[in-house]
Amino acid sequence: MMKGQAVQIVLVAIPLMGAALGLLVWSKPRQLKAWSLFVAVASLLMLAGLSGRLTVPVEGMALLYLLPVAAGLSLLGQPIHRENRPAWVMTLVLLSLGLGVLGSMDGVKLILFVLLFGLVGALLYRYRSISGSVPWWGIGTYGLGMACAIVALIAIPPVSSVAFLVSCAILLPLVPFHGGYVAAFRGLPGNLPAFLALLLPSLGFHGLLTLIPGLSESTVQMLVILAIAGMLYGSLKALTQSRVRLVLAYTGLSFFSILWWYIAVTRTAPPQTVVYLSSVGLATSGLLLAWYAIQSRYGDVDLRAIRGLVYRMPRFAILISLLALAAMGLPPFGLFSGFMGMLLAPSLIFSGALLVALVTWLAASWYILEMVQGLLFGPQRLDLWYEDLRRTEFASLLICVLLLIALGFAPSCYFESGTPMSPSRVAMEFLSWNK
């Protein structure tokens, strides 16, 4: 029987070797994209075959399966273009690091954290021209994450625990350590932001799980304050943005701040939190992929520059509307189920912070709806050439929507006294609880 460490090495090696072998067809973008997709699918199949030999908690296994799926979807939705080649290869490298973090032990995990922070920071510097200015704040944030991961590796508690907590707050964005998350959305090319939308929070959440039992009361109070600040700050910043990437970045910050608040208050991370985290990441990734379909046709334009797409791009209109509903937290999608499951937890008591979380959810729903309405409706521009979704773009968005629906009906995530709860039951319980 293959030992656990050997299985971990195999999971890390497959996408890493795939990235290296992809350089052999670097001059052929079509073959490189096909090869990258093949490697992502092979990683998923290998994970399915070896999952029984991994000593990973159920929550970690769920995230492990989602990483190669998210990588494959982000690759599938990208147009074949020479400028997208570095992003495809880097997706496989980042997938390798992500699988390694989720499936490895503490010492190796911290080393991979160091490599991950260094790679994303280097990518931000390499593609600094995309955002129009050098994203020093984001690069500095990932530099801080690298330093904290090194300290966590060599120091002893409580110093190592605090350092690792900061590293987790950079990946699972929390004010004031959110700069790297926003910079990755704004400054990285191709499909990388769509993949990182799930990868970075998943790794931060996975690291946070190991810290929950040892959180002191003062640390918990600090996290609650920062989480509430993140909810308000992310909501306000999203309302002032006119670029889709930044709207989605600050939306993610506000949603993940709710998760931080819940974990800090309850000191638990039940299955509902995994559904919530996965749904936020997938919905954000899907909306980014939908926006890339527009960006590949018209460039990185302002939201106000494109109108009336519902009349000329019906497939795009249907799928982005479904993704918006999922991101707004409406049933039957996973974000609704995860959020309601968290709010109905017996360990959660009514407080002012809970009202802030509800207001944050409503605000996010409003500006996501406004963003999508602005794209779909309004006067058409006669000077633009409209082209609906291509087959690969349509397939990637459709699969993303189906995954979000599947998360909404995940039976292991709705439990109350051991009884499974459907999404409709969750909604009814929430309404009666409000009364």
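The values are calculated or read from the model by the stated rules, or taken from the named source; none is laboratory data. These figures come from a predicted structure and were not determined experimentally. Neighbour counts are summed over all protein chains in view; Cβ atoms, including those assigned to glycine, are modelled from backbone coordinates with ideal geometry.
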Exercise for review: Scan the range 294-304 residue by residue and report those that are over 21 Å from the mean Cα position of the chain (by Cα) and without any contact (Cβ under 8 Å) to a residue 40 or more places away in the chain.
Suggested key: 299, 301
Practice item. Restrict the check to the range 66-85 and report whether at least one residue is touching a residue at least 24 places away in the same chain (Cβ under 8 Å), among the hydroxyl-bearing types (Ser, Thr, Tyr) and surrounded by fewer than 23 Cβ atoms within 10 Å (Cβ to Cβ). Key: no
Revision key, fill the gap. If we ask which residues in the range 8-34 are surrounded by fewer than 20 Cβ atoms within 10 Å (Cβ to Cβ) and assigned to a helix (DSSP H, G or I), their number turns out to be 14
Point to revise | the range 281-304: number of residues that are modelled with pLDDT under 85, within 17 Å of residue 367 (Cα to Cα) and assigned to a helix (DSSP H, G or I) | key: 2
Practice item. Could you check residue 112 against (1) modelled with pLDDT of 95 or more; (2) aliphatic (A, V, I, L, M); (3) assigned to a helix (DSSP H, G or I) and say which number it fails? Key: (1)
Review point. For the range 127-149, what are the residues that are part of a helix (DSSP H, G or I) and under 21 Å from residue 243 (Cβ atoms)?
Key: 136, 137, 138, 139, 141
Point to revise | Filtered residues of the range 305-329 (kept if within 24 Å of residue 195 (Cα to Cα) and at pLDDT below 90) | key: 329
Point to revise | Given (1) touching a Pro at 6+ places or on another chain (Cβ under 9 Å); (2) farther than 30 Å from residue 299 by Cα, index of the condition residue 128 fails | key: (2)
Practice item. Inspect the range 65-75 for any residue being assigned to a helix (DSSP H, G or I), touching a Ser or Thr at 6+ places or on another chain (Cβ under 9 Å) and at pLDDT below 90 and give the result as yes or no. Key: no
**Study point:** Near pairs, Cβ below 9 angstrom, 6+ apart or cross-chain, from the range 201-229 (farther than 25 Å from residue 352 by Cα) to any residue that is among the acidic types (Asp, Glu) and part of a helix (DSSP H, G or I)
**Key:** 206/59; 209/59; 210/106
Practice item. Please state which one of 397, 389 is modelled with pLDDT of 85 or more and either over 27 Å from the mean Cα position of the chain (by Cα) or outside any helix (DSSP H, G or I) (or both). Key: 389
Revision key, fill the gap. With criteria (1) crowded, with 23+ Cβ neighbours inside 10 Å; (2) touching a residue at least 24 places away in the same chain (Cβ under 8 Å); (3) over 27 Å from residue 88 (Cβ atoms), residue 140 comes up short on (1)
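Quick grid of which residues meet (1) crowded, with 18+ Cβ neighbours inside 10 Å; (2) in contact with a Lys or Arg (Cβ under 6 Å, 6 or more places away or on another chain); (3) over 18 Å from residue 176 (Cα atoms):
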residue	(1), (2), (3)
203	yes, no, yes
220	no, no, no
223	yes, no, no
226	yes, no, no
231	yes, no, no
235	yes, no, no
238	yes, no, no
245	yes, yes, yes
